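The values are calculated or read from the model by the stated rules, or taken from the named source; none is laboratory data. Everything numeric here is computed off the predicted structure, so don't read it as measured data. So basically every Cβ, Gly included, is an ideal-geometry build from the backbone, and we count neighbours across all protein chains shown.
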Amino acid sequence: METLELPSFVTYAIPAFFLLILVELLFQWITGKKLYNFSDSITDLSTGVLNRLFTLFYLGLTVAIYSFFYERFRLVEWNLDSTASLWTSAVVGFIAFDFFYYWAHRMSHEMNFLWAGHVVHHQSEEFNL
């Protein structure tokens, strides 16, 4: 079966992030308003870089686990040769991913041991790029 390679949208968005950071800094310089907390910005950038590095390491494990369960326990065999099946699986996959992402994110707010790792995401006093 041929695999469909999708781009990493975050990787493509990184240049846009830096461009928007420059726009914010330029706006701050022109207006004289202090928008940036330098230590927050360094923390945010460091967290983002570490997140991307961590993603590289666990992606292989994630694919292996999903492949294991797909090969042994799949409920449906999708024929991705037809456009209708491809769109159906994309829509079902998107809805399932969003559903599970919502509940995983919500649990990270509700359960202390998950909150300990998620709190970094909420630590800043300001919202900036």
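A single entry from L26, L61, L20 fulfils the requirement of being at pLDDT 80 or above, out of contact with any Pro (no Cβ under 8 Å at 6 or more places or on another chain) and under 22 Å from Q123 (Cα atoms): L20.
Do we have any residue at all in the stretch 108-118 that's at pLDDT below 90, loosely packed, with under 10 Cβ neighbours inside 10 Å and under 16 Å from the mean Cα position of the chain (by Cα)? Yes. One residue alone among D44, D81 is at pLDDT below 80, under 22 Å from H121 (Cα atoms) and not hydroxyl-bearing (S, T, Y), and that residue is D44.
Selection of first residues in the stretch 7-35 that are small (G, A, S) and of second residues that are surrounded by 11 or more Cβ atoms within 10 Å (Cβ to Cβ), restricted to Cβ pairs under 7 Å at least 6 apart or on distinct chains, gives an empty result. Applying the condition of being in a loop (DSSP other than H, G, I, E, B) and of a type in the set (D, E) to the stretch 35-83 and asking which residue is farthest from V23 (Cα to Cα) yields E77.
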